[in-house]
Every structure is written in C-alpha cells, then in structure tokens.
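Notes for the one structure printed next.
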Amino acid sequence: ISSLSQFDRVVGGLCWCITSSGEDIDVDILFQENSTIGQKISLSEAIVAALRKMRCPVPLQAHQIQGGDYDGLLPAVRWLVRRFFENRTATQALLRAYSTLQFSKRFALPAEGQGAPPGGLWRVAVEERRPVRRFRRVGG
C-alpha cells in the first residue's frame, strides 16, 4: 500500500466501501491502480454518482476527489464507513437468525425437548465425555 499514490488509496477505499455497503446501485466502479488522468476523472465522477444514488448527505464533487481535497472528503468517507458498518451489522444479524432457524429445524436442545436432565447440561456433558483408559502399563 505504501507504493500507491494518495489518490489511489483514497479512491480504492471509497470504491471498496461503496461496493461493500450493500446498496443496490447501478454504477460501474472499476478501480485500477496508476490510472491515466481521464480514467481518474471518470472514476471520480462515477464515485460521486454512486454517493448521490446512495443519498449521501455530504455534497461531494469529482474535482474534490481528483484534487485531493481531503478536508471535503472526510465527512463523506465517515458517512460511507458508517453505512458499511450498519450493513455489516444487519448482515450478521440476518445470518445469525438464518443459522438458528436451520439449526432448530434439525436439532433440539435438551432444554427445549423433554426437559432438562437433573443436574443440568454440564453434568450430562461431563458424564458422556469421561476419559476412558485404553492402554494399561505392564508391570510396575
């Protein structure tokens, strides 16, 4: 990463956050390192279009990205990263609920089924997994 220019770092992070945010936007954002000036401008315009479609509250323009106006970019980056973490949290909750549903379709915990055994689950687990000696020492 240290060999990349600041523009490539910022634009790479923005493209990653936009694609990872989970928004359904129809914008072609293809990041390539060490692009020409024309490619940088078109990529900056695509990022701005994507942020507008995502309803970013920060007014951002392509020349701010191209020119390295990091003070102007910071609020948009913060908003975008916050949006990414919100999506990640929602995805985690959805996957957890789905996995719990799939587990409950095939298995039942003892507390849910016939009732918990006396002594609790800990005692059952200890009794079932008691060490078993397989070899004995000869002599001695």
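The values are calculated or read from the model by the stated rules, or taken from the named source; none is laboratory data. As the structure is a computational prediction, the values presented were derived from the model and not from experiment. We place every Cβ from the backbone using ideal geometry, glycine too, and count neighbours over all the protein chains shown.
Couple of notes before you dig in:
The rows are residues; the columns are (1) modelled with pLDDT under 75; (2) within 30 Å of residue 3 (Cα to Cα); (3) of a type in the set (Asp, Glu).
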position: 37; (1), (2), (3): no, yes, no
position: 61; (1), (2), (3): no, yes, no
position: 67; (1), (2), (3): no, yes, no
position: 73; (1), (2), (3): no, yes, no
position: 88; (1), (2), (3): no, yes, no
position: 114; (1), (2), (3): yes, no, no
position: 122; (1), (2), (3): yes, no, no
position: 132; (1), (2), (3): no, no, no
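- When restricted to residues that are surrounded by 13 or more Cβ atoms within 10 Å (Cβ to Cβ) and touching a residue at least 60 places away in the same chain (Cβ under 8 Å), region 1-20 contains 7.
- Summed over region 69-104, the residues that are farther than 13 Å from residue 18 by Cα and either touching an Asp or Glu at 6+ places or on another chain (Cβ under 9 Å) or surrounded by 13 or more Cβ atoms within 10 Å (Cβ to Cβ) (or both) give a count of 5.
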